[in-house]
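Encoded as structure tokens, the structure appears first; notes follow it.
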Amino acid sequence: MSQPRPKRFYSSVSVAVDGAGWRVLLDGRPIRTPAKAVLAAPTRAAAALIAAEWDAQTDEVRPETMPVTRLMNVAIDRTPLTRPDIIAEARRYAGTDLLCYRADAPAELAARQAVAWDPLLAWVAAAHGVALNAAQGVLAIAQDEAALDAAAQAAAALDDVRLTCLTHATAIAGSAVIGLALVAGRIDADDAFRISRIDEDFQTERWGEDAEARVAADARRADMAAGGALLETLS
């Protein structure tokens, strides 16, 4: 049996700045994270995104409709305590990156992959030294340890909010390269999701798509969009 959602308990939503950053206030009181820290965003634009999510709540507070709030909660509560694990996860994703595994047939799919993925692999090698090998088929591809270390270094250089967005996007896309490109502003969230879906979209064109798969894809697209929107407020 599902738990009842809390009723909306506030009338006004606002933002205010102090030494900790931009706070989101409910009836003048700061929002707290699940770990009871004050929810403070690094920019006014980021705080405004969070405030808009809270202001959009009606009779009930629905956390599932507040993805930017959830990301900021993670950035405050969890990321500072688990940075080594998150960085190691980025390294692991680079070792099995989606963009490195190409179809051997049909030729049309392989061509689409090359057009969408080759420029990102070239970019991440030039920008971060993450020179990954790509091959056709599904067998494991050996990657140079120096390239994987470079992926870890790129993740380690990020602040907590950007690192949170990186691991969020990487998990959705199955690609550390896509995650790094999104964080760097090389691609936007729409592109990140589309590039990660080359295979699925090709199959959908051929065979159609069921409603359940569409709902799941739409949810992942919305999650990617939330991370992209937060990243855009940080620059």
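Computed quantities for the displayed model
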item	result
Surface share of carbon and sulfur [accessible, 1.4 angstrom probe, percent] for the chain	55 percent
For W22, distant residues with modelled amide H under 5 Å away	A41, T43
Amide H partners (placed H, <5 Å) of R186, local residues excluded	none
³J(HN,Hα) computed for each position of the stretch 122-136 - Karplus, 6.51 cos²θ - 1.76 cosθ + 1.60, integer Hz, glycine/proline x	5, 5, 5, 5, 6, 7, 10, x, 8, 8, 9, 8, 10, 7, 7
Integer Hz, Karplus 6.51/-1.76/1.60 couplings in order for the stretch 112-118, x for Gly and Pro	4, 4, 4, 5, 7, 9, 4
Order by protection proxy (mean Cβ within 10 Å, highest first), peptides 145-153, 96-104	96-104, 145-153
Net charge of Cβ neighbours under 15 Å - reference G95; Lys, Arg +1; Asp, Glu -1	-3
Computed [θ] at 222 nm, helices only, for the chain once each DSSP H run of length n ≥ 4 contributes -39500 (n - 2.57)	-18500 deg cm²/dmol
Where labels lie 7 Å past Cα in the beta-carbon direction, separation of A171 and K7 in nm	3.4 nm
For the stretch 101-235: relative contact order, % (alpha-carbon pairs under 8 angstrom, 6 or more apart)	21 percent
Shape of the stretch 164-235, Cα gyration tensor, a/c cut at 1.5	prolate
R32 long-range amide H proximity, modeled H, under 5 Å	L39
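The values are calculated or read from the model by the stated rules, or taken from the named source; none is laboratory data. Keep in mind that this is a model prediction, so the values were computed, not measured. Don't worry about glycine lacking a Cβ; one is built from the backbone with ideal geometry, like all the others, and counts go over all protein chains shown. To get the accessible areas, we keep the full protein, side chains included, count just its heavy atoms, and leave off ligands, DNA and RNA. Shrake-Rupley method; radii C 1.70, N 1.55, O 1.52, S 1.80 Å.
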